[in-house]
Structures are given as C-alpha cells and as structure tokens.
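Q: This is the structure I want to talk about, given as structure tokens.
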Amino acid sequence: MSVHVLSAEERAQEILGFSQDFLSAVTQRIVHRSEPEGGGYALTSKVRPDYHIPTVTAAASVAASMDMLRSQVHASGERVPLIVIDEMRKARDTFCAAARFIDKDPRLANGYYIVRADIGRSVPDMDQVLRSLEP
C-alpha cells in the first residue's frame, strides 16, 4: 500500500479547510459536543476524507502541518507558490478570528480556555513558518 504525500498546494488547502471548520465549530459553540450530539470532537480533512484532527487542539495540529509543509519544501529545494503562503496566512488569520470570538464572550472564554490557550501557543509557530517561507 503506497502512502500519498501531499503536495504543498494540497497541504495548504487542507490547512485552510481545517481553520475554516474550526472557526465554524467555535462560532456554533459545538467544539466540546460529540458528533452524535451535533458537535465536532474532530475536524475532517477536505483533501483526505479519512484524515481527522482533534477540534480542541486544531491550532497545534495546523501549526504542525504548516511545519511539515515547510520541511517538505525546504527538502525539495523548491519555492513555495504564493497561493500556498496566502492560504496558510488566511488559515492563521482564521484562528486569530476564532480567538477574538472566544475573547468577546466571557462564558465562552471560560468554557473554551483550553482551546484559546492552544490558539495562543500555536499562532506564533504559524507566524514563524510563514516568515520562513516568504520570498
């Protein structure tokens, strides 16, 4: 069985999709609900339907995926297409929007403190990857 290695474009699409689904879960306040309850303990990749990441630590998972993309690109010696950088920047901005949404609601901030802390730890890692990829 062969393992499909994602291209930079595919990984960026996956990252952006995860960030958008995460923001949706936060704004709908369903991060901690199980799937049978209409929530989303896990986010499903739009690129690989059999691949999931935990919703609560989605920011860390996305930051790690960005770092894998950086390693893949640096190992190949290729330049990163600007669309890839743009999609990753949009993903980072989407996590920041989720953090602002959480911060605006004291009850949500109380219930999502682990989610919020994960975003706070992960966004600087995302920024570091983005800086290293910019032309």
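The values are calculated or read from the model by the stated rules, or taken from the named source; none is laboratory data. Just so it is clear, the model here is predicted, and its values are computed rather than measured. No Cβ is skipped: glycine too gets one built from the backbone with ideal geometry, and neighbour counts run over all protein chains shown.
Q: Quick check on this structure: which one of ASP86, ASP103 is at pLDDT 95 or above and farther than 21 Å from VAL26 by Cα?
A: ASP86
Q: Follow-up question, since we're still on this one. Tell me, yes or no, whether the range 27-38 has at least one residue that is without any contact (Cβ under 8 Å) to a residue 24 or more places away in the chain, within 12 Å of the chain's Cα centre (by Cα) and loosely packed, with under 15 Cβ neighbours inside 10 Å. Steps first, please.
A: Within the range 27-38, the first condition is being without any contact (Cβ under 8 Å) to a residue 24 or more places away in the chain, and the residues that meet it are 28, 30, 33-38.
Keeping just the survivors that are within 12 Å of the chain's Cα centre (by Cα) gives none.
Looking for residues that are without any contact (Cβ under 8 Å) to a residue 24 or more places away in the chain, within 12 Å of the chain's Cα centre (by Cα) and loosely packed, with under 15 Cβ neighbours inside 10 Å, one finds none in the range 27-38, hence no.
Q: A further question on this structure: For residues that are of a type in the set (D, E, K, R) and part of a helix (DSSP H, G or I), scanning just the range 114-135, find the one that is farthest from VAL73 (Cα to Cα).
A: Ranking the candidates gives ARG116 first.
Q: Does VAL62 satisfy being in contact (Cβ under 8 Å) with a residue 40 or more places away in the chain, closer than 14 Å to GLU14 by Cβ and crowded, with 21+ Cβ neighbours inside 10 Å?
A: Details: in contact (Cβ under 8 Å) with a residue 40 or more places away in the chain: yes; closer than 14 Å to GLU14 by Cβ: yes; crowded, with 21+ Cβ neighbours inside 10 Å: yes.
In short, yes.
Q: I'd like to verify a number: residues in the range 98-119 that are in contact with a helix residue (DSSP H, G or I) (Cβ under 7 Å, 6 or more places away or on another chain) and surrounded by fewer than 14 Cβ atoms within 10 Å (Cβ to Cβ), how many?
A: 1
Q: Go through LEU43, LEU16 for me and flag whichever is surrounded by 18 or more Cβ atoms within 10 Å (Cβ to Cβ), modelled with pLDDT under 95, in contact with a helix residue (DSSP H, G or I) (Cβ under 8 Å, 6 or more places away or on another chain) and not charged (D, E, K, R). Quick ask: steps written out before the conclusion?
A: Values: LEU16 fails: modelled with pLDDT under 95.
Testing whether each residue is surrounded by 18 or more Cβ atoms within 10 Å (Cβ to Cβ), modelled with pLDDT under 95, in contact with a helix residue (DSSP H, G or I) (Cβ under 8 Å, 6 or more places away or on another chain) and not charged (D, E, K, R) leaves just LEU43.
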